[in-house]
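K.L.:
The following block contains the structure, expressed as structure tokens.
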Amino acid sequence: MSVNFQKIEAKFQKKWAEEEIFKAKETKNKPKFYCLEMFPYPSGSGLHMGHAFNYTIGDVYARFKRMNNFNVLYPMGYDSMGLPAENAAIQAGEHPKKYTEKAIKNFILQQKRLGLSYDWDRMLITYEPEYYKWNQFFFLKFFEKGLVQKKLAPSNWCPKCNTVLANEQVHNGKCWRHTDTDVEVKNLEQWFIKTTAYAEELLKDIPSLNWPERIKTMQENWIGKSFGTEIAFEIPSFWDIKEKEFVFLHAFQDNSKSAFWDWLKKQIEARGGTVAFAPDLPNTNEPKIEEQINFVLKNYKFNKNTVLITHSLGGVLAMKLLPKLEEKISCLVMIAPPLKTEFKDNKKRPVLEKYCDWKFDFEKIKSRAGKIIILEDKADHIVPFGHPEEIARNLGAKYILSKGSKTHFNGNVEPEVLNCIFENWPIFTTRPDTIFGVTFMVVSAQHPRLMELVAPGQKQEIGAFLKKIKSTSEKDAFELEKEGAFTGSNAINPLTGEKVPVFAGNFVLADYGSGMVMAVPAHDQRDFEFAKKYNIPIKIVIQPKEENPEVELKEAFTGEGVLVNSKEFSGLGNKEAIEKISSDLGKKGIGKKTVQYKLRDWLVSRQRYWGTPIPIVYCEKCGIVPVPEKQLPILLPEKVKFGIGNPLATNKAFVETKCPKCRGPAQRETDTMDTFFDSSWYFLRYCDNKNQKAPFDLKKIDYWMPVDQYIGGAEHACMHLIYARFFAMALRDCGFLKFGEPFQNLFNQGMLHGEDGFVMSKSRGNVVNPIEMIEKYSADALRFYLVSIASPDKDFSWSSEGMESASKFIKKIVDYFETAKTGKSSAKMESKINKSIKEISLNIEKFEYNVAIIGIRKLFDALSKEESRGTLESFLKIIAPFCPHIAEEFWEKLGNKKMIAVAEWPVADEAKINPKFEEEEKALDKLIEDINNIVKIVKSKGKQPTKVFVYSLPQEKQLLLENIETIKTRTSLETKVFAVNDREKFDPENKAGKAKPMKPAIYLE
RNA sequence: GCGGGGAUCGGAUAGUGGCAAUUCCGCUGCCCUUAGGAGGCAGUGCCUUAGUGGCUACGGGGGUUCGAGUCCUCCUCCCCGCACCA
């Protein structure tokens, strides 16, 4: 008898679709359950076995939950923009859209053939403008919120991808998509999303997530919090302070003694500088620009040595004043200057609106100052985020984003102000206790500001060094020898006053801390190696117990000890010294305890075509202008020329536009977004995928979110899973969500390898195609095999024997149900099935599918030719999540009208579970084992037994009689059962006397 | 180096502190057979035996316990992730 699996599969796949069995609607009648798999990147080569594995795991769960009376949302979509599609399309000479469209169609067909129970109505495709429009929308929301920033930073460039990559997408110095390609570090202006703003929350929540331990620690390491101290090292070669005249201009409603002014004055004087002019401005409560300008010009003569320092509104005064000067001043430093009067606290300040016209002649201002430095407070409560930055951009000024000790730099002590004036270079260290042992500094060779430090005489040497390390960058990072070159600058140790040389080095990261480290060769192995190589002195400041300090070190001592050569701190234990030195530095305003994260901001811009256009316009007059929401979506033009570089950049129709603000000529941003932007919120769109007016309806989100079970590979631990968590938190703070953690439970499936144990790949020829397996064995057999071989979270290798075995088992089930009779089940069977229901339900719940399968096989073995309708139905229900097609088929044959996919999961009847049956079964097994053992012995003596006589205690005879058929088949012997007290028993050798409880006696003939 | 996970029959995979061994594969034997794949039954650590017994054994060493594959501790090996993070 052969079954046509293909026919059954097609029949029920059609029926599921027609009856909309899997359509999810919001309802209060049932608890909701959101089951989600990481959506695929639809490649041209179609569904691979890893996909099939992932989706089978999810589908079993969704089906199980659905049968357990949950209102299940189980959607599917396609992550369909990005580089591989673009590259593959170019190679195939096709447009990426056409190419991807085809791939998706193919994917859908293949997924349907696996019998996956998706609600296809909720499908989403990220390349559709209806979707990516909302990417742009969120980008703008983040922009408003100050979470988007364009900055010059060391960026990872993949020469194969021809674009920059996010930090997360660089693995071991290589591109995550091109494991043979080194990324190059380039200093580029790129768009960043400030994931670091949520570093703390991203870290803090991790313990509360029900995720695999592995993933949680990976994220913890990735975020990488470390506690330490920030210490300002002055690098005085920039300044000859004694020549300068410092001038202060205070803020609105302030005076020359408010905020940090007094403290700053002392700091300047301590360095030998003079404060030439620090007036109380006239009418500071109702200031008038003309009056203040006249006052300042009357009382102070600006000259080429003037260093003008302003705070807040003082900056506006400076910007109005400078164009009136004839001579250029030395330097203008503006602390938190506002650009207009739309302040963050929403308080109306008509006085300030009247203060001036708020229009600035940036070109003129620029020409009146030798150097301009602007400082912004990231947590400013008054000046809106980005104002100082915008001023800096217009002035071509040096811009520093930092954090005041009080918001808006209102503190009495503001080290950041000093840092930006004196070119202090703060460094981060976890070992402030070793500060007396600093003998040099090392700045990252990739640091954007490196050249500022290089003295004219050292330019050549540094240039040669940079060239050298670039050409050796292919070497693996970890065995790279530490190298460097002297910059010609010196730094001053703030506690000793010692001058130490500043080197550029290849072992310092540009984007961790401040890109410069204090080097303590005696107590840091890296610094030690560097010092040895360049003959830099090594100064021991921590004495390990009982060791002679005169002995020359062979390596750095990094253990605990007592401070020596450390002035007043000598004698302290080094742990204590960390605290003491930090607080001492704090008091002096040259250091503070801080935390550092390894997490970097998310670089989202890509110099490629097949992505969401970034909704930004560059206007000659207005600068960077976000596109107004009403103009969204900015469509990705379909007609483009692929060639060298980004095809958007050469597309005039796309680039040329009008400024949304001034209607003047402007250019569009031609970078597109990282596709991880798309995948960071797709799970929200599923909740309301057809919404034209909003990314989603908040009520629907409230109903479905968060995702109850997320399923996917571990490769996204530090990419997608971090971005998506960040997105949820950011959207929450933008008012879109009520929660910050989108995925409560996460399951990671293992990696599926080829039969040879290697990753499946065409070049190895070990690829097994799921559709071929479905055609050869049936979808149910494939599904059954995939979940039966190993714990789903363990890696495993494909096995064709395993596949065969699963297929045989499925056929056995089919054969059984085609011949089984409906009648009565034994109490034993009732006990067994109820126990199985209990155990298997728990196994599925815990993703122990392989154990569930073991249980199913055991249960199946126990089925007799005739079973009750309830037993048969329960069995079908149990197998339904794994092999839904045949389950439906025989469910229907039993006369059920409603489909099994929505039938109720069986409930275990505890009363029917009786351990007695198991004991009896064990005893029977033992009896059969004994008989077979004796047969073996007897045969070895040359006899051929054909009959077995079993003698039981009287009360056990009935039980044996019931099992006489079993004994027969399992021993292949004619079987007769007697009770020991039966008079007419056949017992020529008097074996009956050996019978014991649950252990009958045996005679063979 | 740091972190995570592992090590159980020939292979894979189960195993609440209570008789170690589940299921699949492989192998061996027998049965069935339309001779074709298959299917059924049994066996598969060692010894012993017309059975009801003994021994060995959960990577290795210690420990807790009446009792440990399971809990604690140290070590070895394997896999995975991160790694010049100051």
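K.L.:
Going by the structure shown, is A:Thr558 of a type in the set (S, T, N, Q), touching a residue at least 24 places away in the same chain (Cβ under 8 Å) and within 14 Å of RNA strand B (Cβ to nearest atom)?
P.N.:
Yes.
K.L.:
Oh, and also: I'd like to know if the stretch A:90-107 contains one or more residues that are in a strand (DSSP E or B), of a type in the set (S, T, N, Q) and under 22 Å from A:Ile614 (Cα atoms).
P.N.:
no
K.L.:
Also, quick follow-up: Go through A:Gln667, A:Gln692 for me and flag whichever is open to solvent by 60 Å² or more (accessible area, probe 1.4 Å), out of contact with any strand residue (DSSP E or B) (no Cβ under 9 Å at 6 or more places or on another chain) and not charged (D, E, K, R).
P.N.:
Of A:Gln667, A:Gln692, the one residue that is open to solvent by 60 Å² or more (accessible area, probe 1.4 Å), out of contact with any strand residue (DSSP E or B) (no Cβ under 9 Å at 6 or more places or on another chain) and not charged (D, E, K, R) is A:Gln692.
Every residue, every condition in (1) part of a helix (DSSP H, G or I); (2) farther than 22 Å from A:Asn419 by Cα; (3) modelled with pLDDT of 90 or more, yes or no:
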| residue | (1), (2), (3) |
| --- | --- |
| A:Glu327 | no, yes, no |
| A:Val333 | no, no, yes |
| A:Asp345 | no, yes, no |
| A:Phe360 | no, yes, yes |
| A:Glu363 | yes, yes, yes |
| A:Gly370 | no, no, no |
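K.L.:
Identify the residue in the stretch A:574-583 that is within 23 Å of A:Pro426 (Cβ to Cβ) and without any contact (Cβ under 8 Å) to a residue 12 or more places away in the chain and, among all such residues, is surrounded by the most Cβ atoms within 10 Å (Cβ to Cβ).
P.N.:
Top of the filtered list is A:Lys580.
A quick yes/no check of all residues on (1) within 16 Å of RNA strand B (Cβ to nearest atom); (2) at pLDDT 90 or above; (3) within 13 Å of A:Glu234 (Cα to Cα):
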site	(1), (2), (3)
A:Ile435	yes, yes, no
A:Arg449	yes, no, no
A:Asp476	yes, no, no
A:Lys499	no, no, yes
A:Phe503	yes, yes, no
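K.L.:
Here's something else I'd like to know. Go through A:Glu200, A:Glu189, A:Glu220 for me and flag whichever is more than 30 Å from A:Tyr99 (Cβ to Cβ) and at pLDDT below 90.
P.N.:
A:Glu189
K.L.:
Still on this model: For A:Gln458, all conditions in the list (1) in contact with a Phe, Trp or Tyr (Cβ under 9 Å, 6 or more places away or on another chain); (2) in a helix (DSSP H, G or I); (3) within 16 Å of RNA strand B (Cβ to nearest atom) hold save one; what is the number of the exception?
P.N.:
Condition not satisfied by A:Gln458: (3).
K.L.:
State the number of residues belonging to the stretch A:887-943 that are small (Gly, Ala, Ser) and more than 12 Å from RNA strand B (Cβ to nearest atom).
P.N.:
So the answer is 6.
K.L.:
Looking at the stretch A:733-740, can you tell me whether even one residue there is more than 30 Å from A:Gly146 (Cβ to Cβ), modelled with pLDDT under 95 and either touching a His at 6+ places or on another chain (Cβ under 7 Å) or surrounded by fewer than 21 Cβ atoms within 10 Å (Cβ to Cβ) (or both)?
P.N.:
The answer is no; no qualifying residue exists.
K.L.:
Take A:Ala392 and tell me if it is surrounded by fewer than 18 Cβ atoms within 10 Å (Cβ to Cβ), at pLDDT 90 or above and assigned to a helix (DSSP H, G or I).
P.N.:
Judged against the criteria, A:Ala392 is not a match.
K.L.:
Any residue at all in the stretch A:561-573 that is of a type in the set (Phe, Trp, Tyr), touching a residue at least 60 places away in the same chain (Cβ under 8 Å), within 16 Å of RNA strand B (Cβ to nearest atom) and open to solvent by less than 60 Å² (accessible area, probe 1.4 Å)?
P.N.:
no
K.L.:
Any chance you could count how many residues in the stretch A:62-77 are farther than 25 Å from A:Ser679 by Cα, buried (at least 24 other Cβ atoms within 10 Å of the Cβ) and aliphatic (A, V, I, L, M)?
P.N.:
The number of residues fulfilling the criteria is 0.
K.L.:
Considering only the stretch A:965-1005, state which residues are exposed (fewer than 13 other Cβ atoms within 10 Å of the Cβ) and under 12 Å from A:Leu927 (Cβ atoms).
P.N.:
Within the stretch A:965-1005, just A:Lys996 meets the criteria.
K.L.:
A follow-up question, please. For the stretch A:781-819, give me the residue count where each residue is near RNA strand B (Cβ under 8 Å from one of its atoms) and open to solvent by less than 10 Å² (accessible area, probe 1.4 Å).
P.N.:
2
K.L.:
Can you say whether A:Gln267 is at negative phi, assigned to a helix (DSSP H, G or I) and in contact (Cβ under 8 Å) with a residue 40 or more places away in the chain, as far as the supplied structure shows?
P.N.:
yes
K.L.:
Please go through the stretch A:840-849 and pick out each residue that is surrounded by fewer than 17 Cβ atoms within 10 Å (Cβ to Cβ) and near RNA strand B (Cβ under 10 Å from one of its atoms).
P.N.:
A:Lys846
The values are calculated or read from the model by the stated rules, or taken from the named source; none is laboratory data. This structure is a prediction, so every number in the text was calculated from the model and none was measured. Cβ coordinates were reconstructed from backbone atoms using ideal geometry, including for glycine residues, and neighbour counts include every protein chain displayed. Heads up: the accessible areas ignore ligands, DNA and RNA and are worked out on the full protein's heavy atoms, side chains in. Shrake-Rupley method; radii C 1.70, N 1.55, O 1.52, S 1.80 Å.
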